[in-house]
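Trainee: Dropping the structure in here first, questions after.
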Amino acid sequence: MANRPERSDAFLLDEDAGEKKVEYTADTKMINAGTFILNKEDHTIGNLLRMQLLRDPRVRFAGYMLPHPLIHLVRLKLQTNSSGVSPIEVLSAAIEDLGNETDYLTEKANDAIAKWKKENASGGVMDTF
């Protein structure tokens, strides 16, 4: 198809054009709110961050949108409860928490696989993991 965008446009940043992965714009009407633009991302990261942010009691509002299916960016809007906590701090904490949860899940999965291999040492398919 000649009219189709390149697949790599969905995930590779155009560094020659100065494209950045994350951009932040503070809200002009509220000092404790802002918008993050996550370039070359989709619903996967948008929903993951939104749900993690909503777990934080310092967050009043967290939502995201994709402007169009062919435009690969996420607009994440974030508002905190007080002016003492910036949206940047809250998002950084959410990303750190997600990293810790991922590490925990990886560790538990590896432990379960090792336990299964130990109990079922048969030289089968699972020995390749």
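The values are calculated or read from the model by the stated rules, or taken from the named source; none is laboratory data. Quantities reported herein were computed from a predicted structural model and do not represent experimental measurements. FYI the Cβ positions are ideal-geometry reconstructions off the backbone, even for glycines, and counts take in every protein chain you see. Ligands, DNA and RNA are stripped out before the accessible areas are found, and what is left, the full protein with its side chains, is counted by its heavy atoms. Shrake-Rupley method; radii C 1.70, N 1.55, O 1.52, S 1.80 Å.
Trainee: Among Leu105, Leu70, Leu54, which is the only one that is closer than 29 Å to Tyr24 by Cβ and under 15 Å from the mean Cα position of the chain (by Cα)?
Mentor: Leu54
Here's the yes/no breakdown for (1) more than 15 Å from Ile88 (Cβ to Cβ); (2) in contact with a Pro (Cβ under 9 Å, 6 or more places away or on another chain); (3) in a helix (DSSP H, G or I):
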{"site": "Pro5", "(1), (2), (3)": "yes, no, no"}
{"site": "Leu12", "(1), (2), (3)": "yes, no, no"}
{"site": "Asp16", "(1), (2), (3)": "yes, no, yes"}
{"site": "Tyr24", "(1), (2), (3)": "no, yes, no"}
{"site": "Thr35", "(1), (2), (3)": "no, yes, no"}
{"site": "Pro57", "(1), (2), (3)": "yes, no, no"}
{"site": "Phe61", "(1), (2), (3)": "yes, no, no"}
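Trainee: Looking at Thr44, Thr25, Thr35, which one is among the β-branched types (Val, Ile, Thr) and over 16 Å from the mean Cα position of the chain (by Cα)?
Mentor: Thr25
Trainee: Is there any pair with a first residue in the range 63-75 that is in contact (Cβ under 8 Å) with a residue 40 or more places away in the chain and a second that is surrounded by fewer than 18 Cβ atoms within 10 Å (Cβ to Cβ) and not charged (D, E, K, R) whose Cβ atoms are under 7 Å apart and which are 6 or more apart or on different chains, and what are they?
Mentor: Leu70/Pro5; His72/Ala10; Arg75/Thr35; Arg75/Ile37; Arg75/Met65; Arg75/Pro67
Trainee: Then there's this: Has the range 96-110 got at least one residue that is exposed (fewer than 10 other Cβ atoms within 10 Å of the Cβ) and closer than 30 Å to Glu6 by Cβ?
Mentor: No: zero hits.
Trainee: Another question about this same structure. I want to confirm something. Restricting to the range 19-56 and keeping residues that are open to solvent by 90 Å² or more (accessible area, probe 1.4 Å) and at pLDDT below 95, which single residue is nearest to Arg75 (Cα to Cα)?
Mentor: Step by step, filter the range 19-56, then rank; the result is His43.
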